[in-house]
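To keep things clear, I will list the structure first and then write my remarks on it.
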Amino acid sequence: MQQWSRRRFLTAAAAATLGVAGGSCGITSRPRPVGPAAREVAAAEARRRRPGAPVREVTLTAAPATIDLAGRAVTAWAYNHTVPGPVLRVRVGEVLRARLDNRLPEPTTIHWHGIVVRNDMDGVPGITQPPIPPGGRFVYEFTVSYAGTYFFHPHVGLQLDRGLYAALVVDDPAEPGGYDQEAVVVLDDWTLGVGPTPEQLQDRLMAQGGMMRGNMGMGMLGQGGGSPALGGSGGQIAYPLYLLNGHPPADPPTIHAKPGQRLRLRVINAAAETAFRLALGGHRLTVTHTDGLPVTPVTADALLLGMGERADALVRLHDGAFPLVALAEGKSGQALGVIRTGQGAPPADAHPGELGGRLAAMAELGPDPQGTLPTAQPDRSHQLLLSGGMMSPQWTINGRSFPDAEPLPVRAGERVRLVFGNQSMMFHPMHLHGHSFQVQQGTRPGPRKDTVIVRPMQQLAVDVAADNPGQWMVHCHNLYHQEAGMMTTLSYVH
Ligand code: C2O
Ligand code: CU
């Protein structure tokens with residue numbers, strides 16, 4: 001495992017370098033990649049840093065830990081011994097200095113998902129830093145420039161699916177807010193210690209040759225009922241458990257509040273292979289942000305979140321105890337929490353009617369007028385054709401599997417359009433590191449996001465202001481697709 005990983009890091013690094021240097025891609029005079037150690041990366045960070053910015057110091061330990069799943073002791077991998085890890089909170093403009101001690105038996109890194117981070121702190125082994133060996137440590141230090149709901153996780157193998165994830169909340173003291181209380185809600189799909197290990201699942205997916213259908217006798221591998229909202233299959237893995245803040249439905253966590261209070265939910269989908277449909281019994285949810293950034297608020301009955309997506313929602317609470325249900329979309333099973341302002345006890349299989357009501361899909365929200373990129377024609381477009389899953393265990397972007405990927409060159413200052421074309425029968429939550437993009441809804445701008453669901457056979461364009469130099473991963477946030485190669489690099493070049 002370790003051997004394999006290390007070899008793969010090296011190949012990845014080599015491929016990234018060679019790919020850019022060797023390609024012509026419309027850029028003349030031998031473009032050279034702007035690497036994580038480039039002057040431009042430090043200069044971009046210097047522009048973000050305010051003089052005298054406070055430094056927030058934290059220590060994180062990644063280590064095996066015993067967690068309790070409704071009375072069942074399971075050895076997970078965790079940050080600071082809990083799943084999810086502790087919520088990190090910083091204020092916008094602060095410098096986060098996070099020391100990571102690796103007490104895992106494998107190399108690891110931390111990726112700060114959604115943060116417009118300096119490239120050498122992005123946590124991609126072999127691309128932006130060497131992997132941190134077992135027993136090693138690394139200090140991440142970067143300015144945090146945007147408020148919102150984020151999370152962090154390793155960028156190595158299937159470690160995320162062993163419990164290594166935690167919320168990162170960036171507060172803006174100047175934000176009006178308009179709520180009395182807030183709750184961070186982290187959703188996950190869980191198998192370790194209950195079903196096969198993530199590595200066993202990956203082996204089975206590989207052996208299966210990517211065929212999603214008719215997989216009789218494959219145990220956990222199955223497509224579930226499918227999902228119109230996802231345009232087809234909900235996924236390839238039927239997880240034995242779905243967790244809300246680390247708890248299975250038999251032991252739901254409780255969020256306490258008072259009747260009449262306005263609650264801000266910060267919902268994070270940290271799952272490896274599951275999209276969730278979230279609803280709160282007896283209430284409607286007003287979505288105010290997605291992927292940390294504000295949207296034109298929309299009130300809906302339920303929210304749909306792909307892996308890596310986040311949503312903030314406001315709700316005015318009634319008197320009682322209400323099920324907060326996250327249905328595994330297109331699969332069977334759910335995660336459960338309870339929001340309690342009074343008496344009552346929702347059952348573990350609570351199925352509030354709101355789940356079948358008006359669904360807010362994140363990519364279809366309206367942009368916040370303040371957050372809209374200035375109108376401009378793209379200087380450059382890249383098509384990303386997403387395929388795989390039928391005949392081959394590999395998942396590809398433009399026919400190539402990472403690390404044998406073709407990087408997508410850009411130059412600093414350009415407006416870049418990425419056009420995702422899903423040619424497969426599964427949805428892909430596509431994520432870009434180090435930037436937020438603006439989803440294009442036909443000719444109108446949609447929300448700013450960093451992760452967006454692309455449905456089967458859908459074509460979806462997003463615009464990026466290329467203002468953060470470096471080498472940035474673009475990949476599917478289905479961890480098993482990412483591991484099977486569905487990843488490439490948005491590569492700044494000189
Ligand atoms: Cu959460 Cu490369 O991603
Ligand atoms: Cu995918």
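Where strands (runs of 3 or more DSSP E) fall wholly inside region 231-297, the ranges with 1 or more residues that are in contact with a Gly (Cβ under 8 Å, 6 or more places away or on another chain), of a type in the set (A, V, I, L, M, F, W, C) and touching a residue at least 12 places away in the same chain (Cβ under 8 Å) are 241-244, 254-256, 276-280.
Taking region 44-68 as the region of interest, how many residues are in contact (Cβ under 8 Å) with a residue 24 or more places away in the chain and outside any strand (DSSP E or B)? Of the residues in region 44-68, 7 are in contact (Cβ under 8 Å) with a residue 24 or more places away in the chain and outside any strand (DSSP E or B).
If you check 437, 402 for being more than 16 Å from ligand 2 (Cβ to nearest atom) and among the aromatic types (Phe, Trp, Tyr), only one passes: 437. Contact map, region 470-494: first residue hydrophobic (A, V, I, L, M, F, W, C), second residue in a helix (DSSP H, G or I) and near ligand 2 (Cβ under 9 Å from one of its atoms), Cβ cut-off under 7 Å, separation 6 or more or different chains; pairs are 476/482.
When 389, 366, 342, 353 are checked against the criterion of being more than 16 Å from ligand 2 (Cβ to nearest atom) and within 21 Å of residue 460 (Cβ to Cβ), 366 stands alone in meeting it.
I'm checking my understanding of the structure. Among residues of region 392-404 that are at pLDDT 95 or above and surrounded by fewer than 24 Cβ atoms within 10 Å (Cβ to Cβ), which one is farthest from ligand 1 (Cβ to nearest atom)? In this case the residue turns out to be 399.
Just checking, how many residues over region 434-487 are within 13 Å of ligand 1 (Cβ to nearest atom), within 20 Å of residue 143 (Cβ to Cβ) and either at pLDDT below 95 or buried (at least 22 other Cβ atoms within 10 Å of the Cβ) (or both)? Looking only at that region, the number is 4.
The number of residues in region 125-164 that are touching a helix residue (DSSP H, G or I) at 6+ places or on another chain (Cβ under 9 Å), surrounded by fewer than 23 Cβ atoms within 10 Å (Cβ to Cβ) and among the charged types (D, E, K, R) comes to 1. Could you tell me whether region 114-129 includes any residue that is over 21 Å from the mean Cα position of the chain (by Cα) and not in a strand (DSSP E or B)? Within region 114-129, not a single residue is over 21 Å from the mean Cα position of the chain (by Cα) and not in a strand (DSSP E or B).
Of all residues in region 19-43, those satisfying the criterion of being surrounded by 15 or more Cβ atoms within 10 Å (Cβ to Cβ), modelled with pLDDT under 55 and in a loop (DSSP other than H, G, I, E, B) are 23, 25, 27. Screening 327, 314, 305 for residues that are over 14 Å from residue 249 (Cβ atoms) and away from ligand 1 (no atom under 16 Å from the Cβ) leaves exactly one candidate, 314. Within region 147-195, the set of residues being more than 16 Å from ligand 1 (Cβ to nearest atom), part of a loop (DSSP other than H, G, I, E, B) and within 22 Å of residue 116 (Cβ to Cβ) comprises 147, 172, 173, 174, 175.
Condition check for residue 416 on (1) touching a Leu at 6+ places or on another chain (Cβ under 6 Å); (2) more than 16 Å from ligand 2 (Cβ to nearest atom); (3) of a type in the set (Val, Ile, Thr): one failure, at (1).
With respect to the conditions (1) assigned to a strand (DSSP E or B); (2) away from ligand 2 (no atom under 16 Å from the Cβ); (3) over 16 Å from the mean Cα position of the chain (by Cα), residue 460 falls short on a single one, namely (2).
Under the condition of being touching a helix residue (DSSP H, G or I) at 6+ places or on another chain (Cβ under 7 Å) and within 11 Å of ligand 2 (Cβ to nearest atom), the residues counted in region 463-494 number 5. One residue stands out among those in region 169-188 that are over 14 Å from residue 94 (Cα atoms) and charged (D, E, K, R): the one that is surrounded by the fewest Cβ atoms within 10 Å (Cβ to Cβ), which is 175. The residues of region 69-91 that are within 20 Å of the chain's Cα centre (by Cα) and in a loop (DSSP other than H, G, I, E, B), listed by number, are 83, 84, 85, 86, 87.
Selection of region 410-422 for residues being over 17 Å from residue 482 (Cα atoms) and surrounded by fewer than 23 Cβ atoms within 10 Å (Cβ to Cβ) yields 411, 412, 413, 414, 415, 416, 417, 419.
Using the structure shown, decide if residue 425 is surrounded by fewer than 24 Cβ atoms within 10 Å (Cβ to Cβ), out of contact with any Lys or Arg (no Cβ under 9 Å at 6 or more places or on another chain) and touching a residue at least 40 places away in the same chain (Cβ under 8 Å). Answer is no for this residue.
The values are calculated or read from the model by the stated rules, or taken from the named source; none is laboratory data. Only a predicted model underlies this, so the values are computations on that prediction, with no experimental measurement involved. Here Cβ is always computed from backbone atoms with ideal geometry, including for glycine, and neighbour counts include all displayed protein chains.
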